[in-house]
């Protein structure tokens with residue numbers, strides 16, 4: 001049986017790619033917020049519902065949606 005994990009994607013003008021994974025929502029939100037604060041040019045999305053419109057999205061260290 002595999003362990004569930006949450007994907008954290010990075011989105012920029014060049015496209016998107018997997019940034020990291022997390023074992024729970026709290027960890028995923030923390031990773032995405034910290035990464036976005038360190039890299040204000042790109043957006044970091046916690047993919048709770050891949051392709052959905054209400055996923056938590058961070059830019060410049062701030063949560064901008066979800």
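Which of rounded, prolate, oblate describes the stretch 6-65, given a ≥ b ≥ c as roots of the alpha-carbon gyration tensor eigenvalues and a/c under 1.5 marking rounded, otherwise prolate only if a/b is larger than b/c? The shape class here is rounded.
Once the Cα atoms are used to define both axes, helix 25-38 deviates from the longest principal axis of the chain by about 20 degrees. Using C-alpha pairs below 8 Å separated by at least 6 residues, the relative contact order for the chain is 29 percent.
Just so you know, all these numbers are worked out from the coordinates, no wet-lab data involved. Owing to the predicted nature of the structure, the values given are computational and were not obtained by experimental measurement.
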